[in-house]
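In what follows, a single structure is set out as structure tokens and then discussed.
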Amino acid sequence: MKPLPPLREVIARHGLAASKALGQNFLLDEQLLDRIARIPGPLEGERVYEVGPGPGGLSRALLRAGAEVVAVERDRRCLPALAEVSEAADGRLRVIEGDALRVDEAAEAGLGAHVAANLPYNVGTALLVRWLGGESWPPWWASLTLMFQLEVAERIVARPGTRAYGRLSILAQWRAEPRLAMKVHRSAFVPPPKVMSAVVHIVPAAAPEGVRAATLERLTAAAFGQRRKMLRQSLKGLPGGIEALAAAGIDPERRAETLSVEEYVRVARALG
Ligand code: SAM
């Protein structure tokens with residue numbers, strides 16, 4: 001890659017004052033960005049779909065690692081800065097201007113792309129649910145490397161019996177393997193957000209047979225909708241729920257947070 005000016009200079013020159021409405025908290029520390037870019041594994045010659053590149057700190061790190069990057073950015077103020085990055089990388093960065101929630105990412109990035117993003121909380125969670133929730137599996141992506149608020153990251157990797165364990169944990173764990181790859185202190189961002197952050201790395205695993213994602217989702221919504229109640233109470237409103245519990249050999253006096261992911265899969269399979 002050809003040399004590029006420091007990110008601080010780029011931000012000042014292009015007037016990229018962080019917008020609160022767009023959830024902008026930029027990462028400027030190159031070493032930290034390089035560590036994040038290493039999380040998916042070697043990227044030489046790999047395709048990466050990046051969401052929310054902003055001034056391009058993470059994009060630069062991904063390009064330094066040898067990736068081809070397709071990035072979607074909503075804030076058009078960032079486009080000239082990103083065009084400079086693309087030029088320095090001989091076109092290995094392609095930028096799409098738009099809302100990541102409306103992009104057909106499989107078509108843009110192609111099968112087998114790695115996903116990397118440092119996103120505002122609401123957009124990140126909505127995309128995660130979309131990427132993990134489809135019926136077709138394995139998904140189009142090879143791995144997800146995503147920055148979240150630490151509290152959300154802990155929910156994604158949480159084990160049964162903990163307060164963080166819930167719908168997001170089961171969604172992320174029933175046919176994928178998430179791990180908390182790195183905690184990131186709030187002071188690493190400009191401006192610093194109120195809370196700590198963490199990068200989660202997720203790879204797809206084999207999907208259990210005979211279970212639809214939508215059925216599992218309905219089950220966990222009902223179970224965790226009343227997480228303090230016994231399942232025989234919380235599943236009352238779910239047609240066939242109590243019968244499915246019995247068929248899966250689960251004691252109806254248990255509470256939602258005590259069931260393992262595998263037990264939820266068994267109940268969902270019995271729900272049909
Ligand atoms: N990746 C950069 C970094 O790490 O410094 C910027 C991170 S900043 C937390 C989030 C970025 O996502 C911003 O550039 C923001 O404009 C962009 N963004 C917010 N909502 C978006 C959306 N719906 N689609 C695409 N980009 C979005």
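The values are calculated or read from the model by the stated rules, or taken from the named source; none is laboratory data. Values in this document were obtained by computation on a predicted structure and should not be read as measured data. Reconstructed Cβ throughout: ideal geometry from the backbone, glycine too, with neighbour counts over all protein chains shown.
Here the condition is being assigned by TED's automatic domain parsing to the domain that holds residue 178, β-branched (Val, Ile, Thr), under 23 Å from residue 179 (Cα atoms) and not in a loop (DSSP other than H, G, I, E, B); of 85, 48, 70, it holds for 48 alone. Of everything in segment 125-162 that is charged (D, E, K, R) and without any contact (Cβ under 8 Å) to a residue 60 or more places away in the chain, the residue that is nearest to residue 38 (Cα to Cα) is 154. For segment 112-121, state whether one or more residues are more than 12 Å from the chain's Cα centre (by Cα) and away from the ligand (no atom under 14 Å from the Cβ). So far as segment 112-121 goes, yes, one or more of its residues are more than 12 Å from the chain's Cα centre (by Cα) and away from the ligand (no atom under 14 Å from the Cβ).
Going by the structure shown, is residue 100 touching a strand residue (DSSP E or B) at 6+ places or on another chain (Cβ under 6 Å) and closer than 13 Å to residue 202 by Cα? Criteria not met by residue 100.
Okay, residues lined up against (1) within 24 Å of residue 143 (Cβ to Cβ); (2) touching a Ser or Thr at 6+ places or on another chain (Cβ under 7 Å); (3) surrounded by fewer than 14 Cβ atoms within 10 Å (Cβ to Cβ); (4) among the acidic types (Asp, Glu):
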| site | (1), (2), (3), (4) |
| --- | --- |
| 6 | no, no, yes, no |
| 12 | no, no, yes, no |
| 22 | no, no, no, no |
| 39 | yes, yes, no, no |
| 49 | yes, no, no, no |
| 99 | yes, no, yes, yes |
| 114 | yes, yes, no, no |
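The single condition from (1) surrounded by 13 or more Cβ atoms within 10 Å (Cβ to Cβ); (2) aliphatic (A, V, I, L, M); (3) touching a residue at least 60 places away in the same chain (Cβ under 8 Å) that residue 214 fails is (1). If only one of 12, 61 is among the aliphatic types (A, V, I, L, M) and more than 11 Å from the ligand (Cβ to nearest atom), which one is it? Result: 12 is the single residue among 12, 61 that is among the aliphatic types (A, V, I, L, M) and more than 11 Å from the ligand (Cβ to nearest atom).
Please enumerate the residues belonging to segment 207-244 that are outside any helix (DSSP H, G or I), more than 14 Å from residue 257 (Cβ to Cβ) and of a type in the set (D, E, K, R). Across segment 207-244, the qualifying residues are 209, 212, 236. Residues in segment 64-78 that are away from the ligand (no atom under 12 Å from the Cβ) and not hydrophobic (A, V, I, L, M, F, W, C): 64, 66, 68. Can you find a residue that is surrounded by fewer than 20 Cβ atoms within 10 Å (Cβ to Cβ), out of contact with any Asp or Glu (no Cβ under 6 Å at 6 or more places or on another chain) and under 18 Å from residue 105 (Cβ atoms) anywhere in segment 223-238? No, the conditions are met nowhere in segment 223-238.
Each residue in segment 216-253 was checked for being within 16 Å of residue 272 (Cα to Cα) and among the acidic types (Asp, Glu), and 2 pass.
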